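Everything on this sheet refers to the single structure shown next.
The values are calculated or read from the model by the stated rules, or taken from the named source; none is laboratory data. Only a predicted model underlies this, so the values are computations on that prediction, with no experimental measurement involved. Reconstructed Cβ throughout: ideal geometry from the backbone, glycine too, with neighbour counts over all protein chains shown. Accessible surface is based on the protein model in full, side chains and every heavy atom, while ligands, DNA and RNA are left aside. Shrake-Rupley method; radii C 1.70, N 1.55, O 1.52, S 1.80 Å.
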Amino acid sequence: MRIAIIGAGIGGLVAAAGLHTDGHEVAVYERRATPQAVGAGLTLFGNAFAALDALGLGEAVREISTDAAGRLRSGQRQPSGRWLLTLPPSEAPSVRSLHRSDLHRALVDQLPGATIRRGQEGIVSSTGAPVVVVAGCEERYDLVIAADGLRSDARRRWGLDGGLRYAGYTAWRGVTTSRGHLADEAGETWGAGQRFGIVPLPDRRVYWFATRSVAPGKDDADPHATLRTLFGQWHHPIGELIEATAPESILRHDIYDLAGFPASFIRHRGALLGDAAHAMTPDLGQGAGQAIEDAATLVTLLRGSRVQDLDTVLGRYDRLRRARTRGIWRRSRTMGRIAQSSGRTATRLRDAALRAVPASFAVTAMDRLQDWAPPRP
Ligand SMILES: Cc1cc2nc3c(=O)[nH]c(=O)nc-3n(C[C@H](O)[C@H](O)[C@H](O)COP(=O)(O)OP(=O)(O)OC[C@H]3O[C@@H](n4cnc5c(N)ncnc54)[C@H](O)[C@@H]3O)c2cc1C
């Protein structure tokens, strides 16, 4: 089949690589002239690897990622460093971490050079007809996949957009420039309306993220100074990680998710995929994982199908993916609210609850989230 994909983010590229391997003719429209992964590090859980394996991409991504996070002591700490919930390495869920730009490069390498049409904005038809308008010209396809991210124009044109919701907090992300040692601890530290997360990367650099509950739209002239004020008194090695990161490389994004869950992921011969379909807060670390599952589901369902089967294939894709992602979208939001608790009483209650949770309970919840297999074609 001739298939167009709008957006060369993680979701669009995984779908493109899988479809290309299966012999489809694929064109990926990417409006950026030099598409690259915006962001620092990324964690992918077992479900993402089950999906990558279904597309023959698992080994390539394992090679550029590390399972070190699962081998360190992790869980949640207080700013003093006192552990609230510890996940012993033996019980850690199957998680791997990597640099986003390495993932992006590995996925681009799977595709023939001409597949990605860089610097080309693709506009979908509002009827869901399989055409893409590029610079005023219409290109015809059998299927259009819109993987155009959180602010998806396709979602709006297809009448599936319920708007965005500000999650109430902003996030900074960074990767240290020097290689260093993390002793034997990773995980998250939760304060009042603030969090700091530590994730090892393959080359002994460290990916970290920090959050703060604030009104959206603020900017930092000096992120080091802001972060030092917010996290300077927090436990080792938080201060050192911030100092070991070039200030100009620190990213700051206000966090949004979809205000309402779409009533459908499809419109005639068009399908939403990834954040375009189900943008969620990053609190469960599942946004990219779900985009990869979407891609594996669609590619698998298309195996052995003909153009006349597309209505059935897209109907199954819609049912399977909405059922899977709706709960994760909702749980991510709830987790964000709990983690960003800011009042003194709310913070105390949250910390007491965390101390009372047995590690096995947290492990079971994460195992359930990761329990996913691609559908039968
Ligand atoms: C702070 C933070 C931390 C996160 N951490 C994790 C994590 O650890 N694990 C995880 O699984 N997820 C994580 N996520 C979520 C994850 O980053 C996203 O879910 C994922 O990147 C979505 O990929 P996507 O391909 O759907 O969209 P995007 O990556 O947004 O890609 C969309 C692409 O479409 C292009 N585009 C848009 N419109 C057009 C158009 N009209 N024509 C052509 N091109 C277009 C854009 O330029 C872009 O390249 C995190 C998110 C945040 C904000």
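Over the chain, dividing the summed -39,500 (n - 2.57) contributions of all DSSP H runs of at least 4 residues by the number of residues returns a 222 nm mean residue ellipticity of -10500 deg cm²/dmol. Cβ under 13 Å from TRP372's Cβ, TRP372 left aside: what net charge do those residues give with Lys, Arg +1 and Asp, Glu -1? Net charge around TRP372: -2.
The stretch between LEU349 and THR34 holds 108.7 nm of extra length on full extension. This uses 0.36 nm per residue minus the Cα-Cα distance. With Cα atoms defining each centre, segment 137-196 and segment 36-88 are spaced 16 Å apart in the structure.
Of all DSSP beta bridges confined to the chain, the antiparallel ones make up roughly 70%. Return the tail of the calculated pair distribution for segment 238-356, meaning the percent of Cα-Cα pairs more than 21 Å apart. Counting every Cα pair in segment 238-356, those more than 21 Å apart make up 55 percent.
Compactness ratio for the chain: Cα radius of gyration over 2.2 N^0.38 Å (N = residue count) comes to 0.99. Highest mean packing first, where packing is the average number of other Cβ atoms within 10 Å per residue, the peptides 65-74, 193-202 line up as 193-202, 65-74. Quick one: net charge of ARG155's neighbours, Cβ under 15 Å, K/R +1, D/E -1? Here the count lands on 0.
Carbon-plus-sulfur accessible fraction, segment 2-370 (probe radius 1.4 Å, protein heavy atoms only): 50%. Label-to-label distance, GLN308 versus SER249, with points set 7 angstrom from Cα along the beta-carbon direction: 5.6 nm. Estimated at 0.36 nm per residue, the fully extended path between VAL133 and ASP109 surpasses their Cα-Cα distance by 6.0 nm.
Shown here for segment 264-357: chymotrypsin sites (Phe, Trp or Tyr not before Pro) in loop regions (DSSP other than H, G, I, E, B) with at most 11 other Cβ atoms within 10 Å, of which there are none. Here the calculated FRET efficiency for SER213 and ARG82, from their Cβ-Cβ distance with R0 = 22 Å, stands at 0.50, rounded to the nearest 0.05. Accessible surface for the chain, divided over its residues, is 43 Å² per residue with a 1.4 Å probe. How would segment 147-298 be classified by its alpha-carbon gyration tensor: rounded, prolate or oblate, with rounded meaning a/c under 1.5 and the a/b versus b/c comparison settling the rest? Since a/c reaches 1.5 and a/b is larger than b/c, the shape of segment 147-298 is classed as prolate.
The simple Förster model, with R0 at 35 Å and r as the Cβ-Cβ distance, assigns HIS268 and ALA365 a FRET efficiency of 0.40.
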